[in-house]
Amino acid sequence: MLLLRTDPLKPDADVIRFAAEVLKRGGIVAAPTETVYGLFTHAYSDGGCAKVFKAKERPPDNPLIVHVDSVEMAAQIAYIPEEIVDVLRRIWPGPITLVMKSRGAVSRCVTAGLDTVAVRAPAHPIPLAIIKELEAPIAGPSANKAGRPSPTTAEHVVEDLNGEVDVIIDGGPTFFGVESTIIDVTRKPPILLRPGPFTVEELEKYFGPVEIPPVARGLIETDVALAPGMKYKHYAPNTPLVIVHFDLSLAVETLRSKGLKVAVLCATGRCTNADVVIKMGDDLYEVAKNLYRSLRELDRFSVDIGVVPAVEETGIGLAIMNRLRKASGHREAFNLGQLLKYGLAQPVF
Ligand code: AMP
Ligand code: MG
């Protein structure tokens, strides 16, 4: 395995050529995007795709996202509804993935045999340059082991996939830190499958009203009818985590008064005295950027419980709450009684 470092804004041409060569020969390459690090294969390669699933230990019925460099390349693999061609020209490249009818061009392994395909153009010079060099789309999920938090640095990729990929390109920390927004445009109105950095407010400007099902808010774990691959459990730290919808200091003090050791994931200035403070950031973009690193960190401290303040579900806040609900196993406390129920359910040593 090779670890190659390059400037994310001006990627080294030799690194890009090498990565494209590896993909052409059916190898797999981890590289940053503007959302999280991806683990990429040539989208037409059955063998490369199989390697991605094996390295990630990903269930074979959970399809990958195909990354393209243009609307033209997307049109080679998907039937783009006519009325959204111009919209795509305006919103791509960016963190917005569209589920469309597939032309059956990419490997069946990539789409997990579905008749739809998820496509996006990443707004990051490294994957864009690789796609251009390869003159073909690349498919990739996040570059973590299935069930682990998505990687936002090359170190996270090494932690999870050391020795199991051909090349890791280190282009520094990713910009947004949460995975792309996914909408299904085969349905009318379009349905939000996963909230991400491209916000619902922005989506509705371009696509008109968008349906937001409970699964997109993270209120339920899965909706197999909407997104076949989404039935799999997402990352949850070993340390129990509770989302707190009321005064955070009161929550922390109360848990500590019961003899519990408490970590707080601190967001948008709402830090408080706790045994461990993990600072995520002062605005929602910083919180998103540091979210997965903070969840990885939580388990490094031996605390009884982690608490995190709820954030407003507007803008990128919707994506943050979706990921937090999954990570907390849907533990949300709106009052002290609920908090104590979660807190005291943990064994106290
Ligand atoms: P990841 O790249 O790990 O964030 O995973 C990609 C996500 O896209 C998964 O949750 C898939 O279920 C979803 N996805 C990919 N292709 C499709 C599709 N054709 N229909 C619905 N969801 C999809
Ligand atoms: Mg993933």
Among the DSSP beta bridges whose two residues both lie in the chain, what percent are antiparallel, rounded to the nearest 5?
-> 40 percent
Once the in-chain neighbours fewer than 8 apart are removed, the lysines whose Cα is under 23 Å from LYS258 read LYS341
Among residues other than GLY218 whose Cβ falls under 9 Å from its Cβ, what is the net charge (Lys/Arg +1, Asp/Glu -1)?
-> +3
Lysines whose Cα lies under 25 Å from that of LYS24, excluding same-chain neighbours fewer than 8 positions away = LYS10, LYS51, LYS54, LYS56, LYS132, LYS145
Can you grab the distance from the C-alpha centre of segment 173-193 to the C-alpha centre of segment 36-62, Å, no decimals?
-> 20 Å
Got the relative contact order for the chain handy, in percent, Cα pairs under 8 Å and 6 or more residues apart?
-> 18 percent
Subtracting the Cα-Cα distance from 0.36 nm times the residue separation, let me have the gained length for TYR79 to PHE301 in nm, one decimal.
-> 75.0 nm
Distance between modelled label sites at GLU201 and LYS188, nm, 7 Å Cα→Cβ extension | 2.9 nm
Report the residue, chosen from THR222, THR97, THR152, that carries the largest GNM mean-square fluctuation when the chain is represented by alpha-carbon nodes joined by springs under 10 Å.
-> THR222
Most mobile of ARG296, ARG89, ARG108 in a GNM of the chain (Cα contacts under 10 Å) = ARG89
Ranked packing of 137-143, 202-208, 278-284, most packed first, by mean Cβ within 10 Å = 137-143, 278-284, 202-208
When the chain is modelled as a GNM with alpha-carbon springs shorter than 10 Å, which of SER70, SER302, SER150 fluctuates the most?
-> SER302
Here FRET efficiency (C-beta to C-beta, ASP61 to LYS258, R₀ 30 Å, nearest 0.05) is 0.10
Taking Cα pairs under 8 Å and at least six residues apart, what relative contact order does segment 1-143 come out at, in percent?
-> 36 percent
So how much slack lies between ARG17 and LYS279, counting 0.36 nm per residue of separation and subtracting their Cα-Cα distance, in nm?
-> 90.5 nm
So which lysines pass the test for LYS205, namely a Cα distance under 19 Å, with those fewer than 8 places away in the same chain ruled out?
-> LYS188
For THR97, which sequence-distant residues (separation of 5 or more, or a different chain) have an amide H within less than 5 Å of its own amide H, given hydrogens modelled in the peptide plane?
-> THR181, ILE182, ILE183
Theoretical FRET efficiency, 1/(1+(r/R0)^6), r = Cβ-Cβ of ILE212 and ARG5, R0 45 Å, to 0.05 | 0.70
Distance in Å, no decimals, from the C-alpha centre of segment 247-307 to the one of segment 96-169 is 31 Å
Grab the other residues whose beta carbon is less than 12 angstrom from that of THR97, score K and R as +1, D and E as -1, and report the net.
-> 0
Segment 209-325, relative contact order in percent, only Cα pairs under 8 angstrom and at least six apart counted | 29 percent
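Only the coordinates and a few stated rules stand behind these numbers; no lab work does. Because the structure is a prediction, the values reported are computed rather than measured. Quick reminder, even Gly has a Cβ in these numbers, built from the backbone with ideal geometry, and neighbours come from all protein chains shown.
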